[in-house]
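The values are calculated or read from the model by the stated rules, or taken from the named source; none is laboratory data. In this text, all values refer to a predicted model and were calculated from it rather than measured experimentally. Cβ placement follows ideal geometry from the backbone for every residue including glycine, while neighbour counts extend to all protein chains displayed. Note: accessible area is taken over every heavy atom of the protein model, side chains too, but ligands, DNA and RNA are not part of it. Shrake-Rupley method; radii C 1.70, N 1.55, O 1.52, S 1.80 Å.
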Amino acid sequence: MYGDLQNPEATVDRYSSAVSLYGNARFQEALAMLEPSLIAHTVDAQVLNLAAACCLSIDRPHDAETYWRRAIAVKPDYCD
C-alpha cells in the first residue's frame, strides 16, 4: 500500500505525516513528504488524492488534475 513495497511501514508513516501537514495547511511540505510514493510503480489512490489536494491548494491545478486522473486509473471506484 502507498507505493513502497520494500518498506511499507515507513511509507505509511510518510503518508500519515503528509495528512497531518495538509491538515495544518502546510501543503508544499505535505506534497514533498508524498514524493517518494508518487514515483513508485505501485502508488495508492489515497496518496494520489492527497497529492492532488495539495497541488490544488498551492495553485497547481494542472498537477492536481494529473494526480486525480492517475488515482481514477488506479482505482476507478475510489471516492474521497
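Per residue, the chain exposes 62 Å² of accessible surface when a 1.4 Å probe is rolled over the protein heavy atoms with every protein chain present. Length gained on full extension, Cys79 to Val12, computed as 0.36 nm times the residue gap minus the Cα-Cα distance: 22.2 nm. Projected label points at Ala40 and Ala25, each 7 Å from Cα along the beta carbon direction, are separated by 3.1 nanometres.
Seen through its C-alpha gyration tensor, with square-root eigenvalues sorted a ≥ b ≥ c, the chain comes out oblate because a/c lies at 1.5 or above while a/b is not bigger than b/c. The convex hull around the C-alpha trace of the range 18-64, projected and averaged over every direction, spans 2.9 square nanometres. Can you send over the carbon and sulfur percentage of the accessible area for the range 7-71, probe radius 1.4 Å, protein chains only? C and S fraction of accessible area: 53 percent.
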